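Please read the structure below before turning to the comments.
The values are calculated or read from the model by the stated rules, or taken from the named source; none is laboratory data. As the structure is a computational prediction, the values presented were derived from the model and not from experiment. Because the Cβ atoms are built from the backbone with ideal geometry, glycine has one as well, and the counts that use them run over all protein chains shown. Each accessible area value is taken on the protein alone, full model and side chains, heavy atoms only, with ligands, DNA and RNA left out. Shrake-Rupley method; radii C 1.70, N 1.55, O 1.52, S 1.80 Å.
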Amino acid sequence: MSVVTTALPFLVLGVVAVFLFGISWVALLGGVVLAVLSLVIAPLLLVPPSPLAKYLAHPDTARPANAVLNLTSAALIELARLGVVLFLNAQLRDAAWLGLGAHIPIMVIAVGTFGMVAFLGSSLPTQEDARPRGAASYLRESFGYGRNILVDAVLTLLLVWSPWLAFVTVPAGAVWHALLDSKRPR
C-alpha cells in the first residue's frame, strides 16, 4: 500500500474531525488500543489446540475455516470496540477519534515502509513487470481507505449513541471486516 493511499484519507479526515469536534487524545489512544487488539485477536484464535488451525491446514476445509476465522475475529473486534467505548465512556466527539485511531498503526507502517524503501531503494530488487500506476488508481485506493475509516467512525458513533446498538453494529461490523479480510491478498 502506498503512503498516498494510507496517509491522505487519514490526514483529510483528521483535519475535518479537528475542525468539527476538537481533538480527543484519549479517544485517539483508545483507537490505537483497538487496532492493536484487532492485530492480536486472529492469531490468538489459532493457538495450537484450536480446531480452526487443524481445518486451515487441509485444502478441503481451508476456505470454510478461513471464513469462520474471519467472522469470529471480526465479531470479537467489534465487541472490543464496544468495550473500549464503554471503558472510555466515550462522547459523540470521541467516535471520530476512535475511528481514526484504529487506523494509525496501518498509517505508521506504510510511512515507515515508504521511508525504508526510499532509504534502501537502490539495494532492493526490482520487479521486471512492475508498471507505473496512474493518479486514478491512487485516488481509488485513497477513497477505499477513507471509506474504511468512515465505517469505523460510524460504527463507533452508533455505539456511543447507544450501547444497545451493539446488536446491530457487531454483526454489521463483523461482516464488513470479514469481507475486507477475504479480499486481502494472501
Practice task
Hey, can you tell me all the residues within the range 69-102 that are crowded, with 17+ Cβ neighbours inside 10 Å and of a type in the set (Val, Ile, Thr)?
Solution key: Ile77, Val84, Val85
Handout entry: Every residue from the range 10-20 that is open to solvent by 90 Å² or more (accessible area, probe 1.4 Å) and over 22 Å from Ala110 (Cα atoms)
Key = Phe19, Leu20
Exercise for the section: State all residues of the range 60-108 that are among the charged types (D, E, K, R) and under 18 Å from Gly30 (Cα atoms); if no residue qualifies, say none. Expected result: Glu78, Arg81, Arg93, Asp94
